[in-house]
Amino acid sequence: MSEEIKNEMKTPESNQEKKQKNEKRAEVKEKQKQEELQEKEKRYVRRLIPIWAKLLIFLVLSSFALLIGLIVGFSILGDGSPLDVLKWETWQHIIDFIQK
């Protein structure tokens with residue numbers, strides 16, 4: 001009988017110890033989560049080229065490619081002077097031709 005009493009007495013203590021261990025583990029996990037969040041907040045990735053600069057570069061290069069394409073197309077396929085494509089009269093003639 002004395003062994004049973006000892007076992008019963010150990011069981012509540014071990015349960016308390018388990019609870020304490022679980023509480024400590026939970027505290028450690030919470031601290032780790034908080035540290036990870038702080039590290040994420042501290043990390044700021046600075047872009048090499050800002051987004052607005054990328055957009056500007058894209059627009060400039062696209063415009064340049066369009067002008068080169070117009071000049072090459074008008075001079076080779078259209079048998080015209082390469083710089084005539086940049087004149088307003090040429091485009092007005094094309095618009096009038098399409099409308100009529």
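Readers should treat all values here as calculations from the given coordinates under stated rules, not as data from a laboratory. Predicted model only: the values in this text are computed from it and were never measured.
Full extension of the chain between residue 16 and residue 51 yields a length gain of 6.9 nm, computed as 0.36 nm times the residue separation minus the alpha carbon distance.
When every Cα-Cα distance of the stretch 50-100 is counted in 5 angstrom steps from zero, the calculated P(r) takes the values 4, 19, 17, 19, 14, 10, 9, 5, 1, 0 percent.
Computed from phi, the 3J(HN,Hα) profile of the stretch 19-32 under the Karplus parametrisation 6.51, -1.76, 1.60 (θ = phi - 60°) reads 4, 5, 5, 5, 5, 5, 4, 4, 5, 5, 5, 5, 4, 5 Hz, with x in place of Gly and Pro.
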